[in-house]
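What follows is a short report on a single structure.
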Amino acid sequence: MPSFDIVSEVNQVEVRNALDQANREISTRFDFKGSDARVEHKEKELTLYADDDFKLKQVTDVLLGKLTKRSVDVRALKFGNVEKISGDKVKQVVTLRVGIEQELAKTIVKHIKDSKLKVQASIQGDAVRVSGAKRDELQNAIALVKKTVTDFPVQFGNFRD
């Protein structure tokens, strides 16, 4: 029975390369001279540091530009609250959303079932498996998911015939 998986992944190598490029640009830019602005990476979390809110916005813009150039979908980033550290310095935690969250998985399954396509959708951990009798129905399901899920990056993989 043909099937495919709906997943959400971020290429960690490209993220690390974009962070290195962003930190390099921040260290050489004139408006960051003498500043403690930087981006740090721990597993699925990025931490942005800057001297004030304006510079934090500049660091964010540099980071998003580098991630976009490296073809990392910025919809996978979840920005946290800006926190004050010592003095005027601020930091912001950005989480890399990897895997499809339960709520989103449930809405995807609901949309597929409501569409009356002859496919079955089931939640498999942090992925959604869609299976059906015909390849055309699976392609229609892919088109439906692409149309309905716009605020979260999803990929379609593991297509089996």
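The values are calculated or read from the model by the stated rules, or taken from the named source; none is laboratory data. All figures in this text were calculated on a predicted structure; none of them were measured in a lab. We place every Cβ from the backbone using ideal geometry, glycine too, and count neighbours over all the protein chains shown.
For GLN139, state whether it is without any contact (Cβ under 8 Å) to a residue 40 or more places away in the chain and either part of a loop (DSSP other than H, G, I, E, B) or farther than 27 Å from ASN17 by Cβ (or both). For GLN139, the condition - without any contact (Cβ under 8 Å) to a residue 40 or more places away in the chain and either part of a loop (DSSP other than H, G, I, E, B) or farther than 27 Å from ASN17 by Cβ (or both) - is met.
Taken over segment 81-105, the residue count meeting the criterion of being loosely packed, with under 14 Cβ neighbours inside 10 Å, at negative phi and of a type outside the set (Val, Ile, Thr) is 8. Taken together, the residues in segment 99-114 that are modelled with pLDDT of 90 or more and either part of a loop (DSSP other than H, G, I, E, B) or of a type in the set (Ser, Thr, Tyr) (or both) amount to 1. In segment 28-53, the residues that are modelled with pLDDT of 90 or more reach residues that are of a type in the set (Gly, Ala, Ser) and outside any loop (DSSP other than H, G, I, E, B) with C-beta atoms within less than 7 angstrom, at least six apart or across chains, in these pairs: VAL39/ALA22.
For segment 115-132, state whether one or more residues are at pLDDT below 90, in a helix (DSSP H, G or I) and either over 20 Å from the mean Cα position of the chain (by Cα) or not basic (Lys, Arg) (or both). No, segment 115-132 contains no residue that is at pLDDT below 90, in a helix (DSSP H, G or I) and either over 20 Å from the mean Cα position of the chain (by Cα) or not basic (Lys, Arg) (or both). Restricting attention to segment 70-117, the residues that are farther than 30 Å from ASN140 by Cβ and among the basic types (Lys, Arg) total 5.
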